[in-house]
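Participant: Next up is a structure, given as C-alpha cells.
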Amino acid sequence: MDMKINIEVIKQARVDKNWTQQQLAEICGLSLRTIQRIEKTGIASHESIASLSSAFEIDKDNFILSKNDNYNLAYTSDSKQGTIREKLANFLVMFEQTVLYVMSLVAIGLFILGIVGLTNSNLDTRVQLLITVVFSSGVLFTLLVMRLSNKNSW
C-alpha cells in the first residue's frame, strides 16, 4: 500500500547530504524514476520509505504524513503550504484595506447625503435626516479611526 509522505523532508534531507536524485537512487537501491516520482507526487511504498529512511538515517515516521497531519514545519520554509499561507495573508490585508476604503466612502457619502437632504427637504424631515446621517457617519468614522489606530475594537 502506498503512503503519502512529506516531499519537503525528502528533498531537504537529500540537499543536506548534497546528493543528486541519481545518487539517492543508487544508495537506496531504487530507480531514478522512482525517486523522481516520490519527490513529485509525495507518494511512496512502504519499501521505498524504508529505503529512504535507511539512506538518510532518519526514522521513517518523519516521512509519513497522516490524514490530519500538516507538513513537518522543520522543512517547510518554502513549501506549498507556506505560499498558500502567504497568499491568504496578502488577500486578508487587501480585503481589510478595501473594507476600510469602502467604509470611508460610505461615511463621506452619508455626510454629503445629509447636507443635500438638509437643503432640499422640509423642517420635520430635516431633523430626522440630520440625526440619522450624523449618527451613521459618526459611527463609521469612529470605527474607521479605531481600526486605523490598531485597537481592533470592532
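Participant: Out of everything in segment 80-135 that is more than 30 Å from residue 7 (Cβ to Cβ) and among the small types (Gly, Ala, Ser), what residue ends up being modelled with the lowest pLDDT?
Facilitator: 121
Participant: How about segment 32-50: which of its residues are exposed (fewer than 13 other Cβ atoms within 10 Å of the Cβ) and among the hydroxyl-bearing types (Ser, Thr, Tyr)?
Facilitator: 41
Participant: I'd like the full set of residues that are at pLDDT 80 or above, closer than 13 Å to residue 9 by Cα and charged (D, E, K, R), limited to segment 33-79.
Facilitator: Residues satisfying the conditions are 39, 40, 57, 59, 60, 61.
Participant: What are the pairs with Cβ atoms under 8 angstrom where one residue, in segment 41-52, is on the phi > 0 side of the Ramachandran plot and the other, located anywhere, is at pLDDT below 90 and in a strand (DSSP E or B)? Sequence gap at least six, or different chains.
Facilitator: Qualifying pairs under 8 Å: 42/4; 42/5.
Participant: Within the set of pairs 6 or more residues apart or between chains, which connect a residue that is surrounded by 10 or more Cβ atoms within 10 Å (Cβ to Cβ) inside segment 75-99 to a residue that is of a type in the set (A, V, I, L, M, F, W, C) and at pLDDT 70 or above with Cβ atoms less than 7 Å apart?
Facilitator: As it stands, the answer is 75/9, since those pairs meet every condition given.
The values are calculated or read from the model by the stated rules, or taken from the named source; none is laboratory data. Model, not experiment: these values are computed from the prediction. A quick note on method: Cβ atoms are made from the backbone with ideal geometry, for glycine too, and the neighbour counts reach across all protein chains shown.
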